[in-house]
Amino acid sequence: MSFKLFELLLQASIYTVTISVVSILIGFAIAILLSGMLLSQRRHLMLPAQIFISFFRGVPLLVQLLLIYNLLPVIGINVPSIVAAIIGLSLCTAAYQAENLRGGFASVPVGLVESAEMVGLSPSQIFRRIKVPIALRLTFPALVNEAILILKASSLVSVVGIVELTRMAQDLAGSTFLPLQLFASAGLIYLAINWIVALAGGLIERRLPGVPR
């Protein structure tokens, strides 16, 4: 296989990483909101969050992407394929991250929250300054694992017309008749990307402060 073909795969992998990173960050923001709703004592907040998580964890991502891609034009929202792909990945990863964060929030020491209330911190301040950092520390390994899963699952966005790493390998294999070399190269690129993510996650985790007891 020529270097030119490998270069095309590398260029497509940048697309894969970009879509994945944007989706993970948007999903994390949504997940914080969802986890807060899940831990709320108000049913009108808990129920929508439970339905959201049940749907996006229970329906295959491929179906979600196709549904979102075809639904948006029907309701009058015309967006590029990449936006539809990011929306689908973001909502899917938000559901999984929310469940991880819920466990982290539930593990925040009660005494620490009570101490914060005694010194006059508001509920929003306690949430931002105490609960979120501690929950993030407790769930960080699970969040890194979810990021790796989304990077691999991003190969499914090809169904909505995105030429990412897997789609590029398929297109090149069809025109060059070198499927084994191309898919093996794509696999190695995925492996390298996920290895870097896991390594970076481990380094960041060691720098995070410990959880107060």
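The values are calculated or read from the model by the stated rules, or taken from the named source; none is laboratory data. As the structure is a computational prediction, the values presented were derived from the model and not from experiment. Every residue, glycine among them, receives a Cβ derived from its backbone with ideal geometry; neighbour counts consider all protein chains shown.
The numbered conditions (1) surrounded by fewer than 14 Cβ atoms within 10 Å (Cβ to Cβ); (2) touching a residue at least 24 places away in the same chain (Cβ under 8 Å); (3) under 14 Å from I162 (Cβ atoms) are all true for A84 except (1). The residue pairs whose first member lies in the stretch 121-146 and is touching a residue at least 12 places away in the same chain (Cβ under 8 Å), whose second member is aromatic (F, W, Y), and whose beta carbons are closer than 6 Å, counting only pairs six or more residues apart or on different chains, are K131/F105; A135/F105; E146/Y96.
The residues listed here are G104, G120, G111; of these, the one that is at pLDDT below 95 and on the phi > 0 side of the Ramachandran plot is G120. For the stretch 172-190, the condition holds for at least one residue, the condition being that it is touching a residue at least 12 places away in the same chain (Cβ under 8 Å), closer than 30 Å to R137 by Cβ and crowded, with 16+ Cβ neighbours inside 10 Å.
Yes or no: A135 crowded, with 17+ Cβ neighbours inside 10 Å and not polar (S, T, N, Q)?
yes
Give me the helices (runs of 4 or more DSSP H) completely within the stretch 56-129, filtered to those with at least 2 residues that are among the polar types (S, T, N, Q), ordered by residue number. Once the helices (runs of 4 or more DSSP H) in the stretch 56-129 are filtered for at least 2 residues that are among the polar types (S, T, N, Q), what remains is 61-74, 81-106, 123-126.
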